[in-house]
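For reference, the structure is listed below as structure tokens.
The values are calculated or read from the model by the stated rules, or taken from the named source; none is laboratory data. Keep in mind that what you see is a predicted model, and the values were worked out from it rather than measured. Every residue, glycine among them, receives a Cβ derived from its backbone with ideal geometry; neighbour counts consider all protein chains shown.
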Amino acid sequence: MGKNITFLFFAIALVGCSSGGTHSSYSPTKVTVKAETPPIKVQTRSAPPVWFATATDDAFFFVIKNAEKSGSKKLAETRNLLISEILLANTIQKDFMTSSDQEAVVKSIRASSSIEDIKKYMNNPYVESIVSGYTVEHSETQPYDTGFISYISIKRIKN
């Protein structure tokens, strides 16, 4: 019977120490296990494509290279093509826009947050008549920080 009482005493002491209740003087340390996971690699500030960085021979062509950033891939590409068309039109026909007008339009397009915001600049018949016959020589869109960057090169034969 003495062994049973001793066993019962130790069992109660062990349960009391391990229960972590409010009456216990023993408080177990919480152990947090952190799983190590490799960081996600995000391509940031990627280098421009080789074709974008190389010089172009503009003896026979009007050439425009431009890059635009946006959180949306489609918006970056649309902005880029639209701005490139305006820059090309102003390169072909010097009196198309003044420098300040061109800067204001480009700034407005770049400040747009959706394609709806820039629809008023799209499909302009005057711009289209000036740049008619241009070709997209290169176009590439890459991830960039929190969005995308679109690179484009367009050209038109000089008359």
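Here are the numbers for this structure:
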quantity: Unmet requirement for A59, which otherwise passes all of (1) in contact with a strand residue (DSSP E or B) (Cβ under 7 Å, 6 or more places away or on another chain); (2) not in a helix (DSSP H, G or I); calculated: (1)
quantity: Out of Y144, Y134, Y126, sole residue that is surrounded by 13 or more Cβ atoms within 10 Å (Cβ to Cβ), of a type in the set (S, T, Y) and either modelled with pLDDT under 95 or within 19 Å of the chain's Cα centre (by Cα) (or both); calculated: Y144
quantity: Count of segment 107-123 residues which are surrounded by 16 or more Cβ atoms within 10 Å (Cβ to Cβ) and within 12 Å of L81 (Cβ to Cβ); calculated: 3
quantity: Counted residues, segment 114-136 - those being in contact with a strand residue (DSSP E or B) (Cβ under 9 Å, 6 or more places away or on another chain) and either under 19 Å from A47 (Cα atoms) or free of Cβ contacts under 8 Å to residues at least 40 places away in the same chain (or both); calculated: 3
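For every residue, the table says whether it meets (1) part of a helix (DSSP H, G or I); (2) more than 18 Å from the chain's Cα centre (by Cα); (3) modelled with pLDDT under 95; (4) of a type in the set (V, I, T).
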residue	(1), (2), (3), (4)
G21	no, yes, yes, no
E36	no, yes, yes, no
P39	no, yes, yes, no
I109	yes, no, no, yes
D117	yes, yes, yes, no
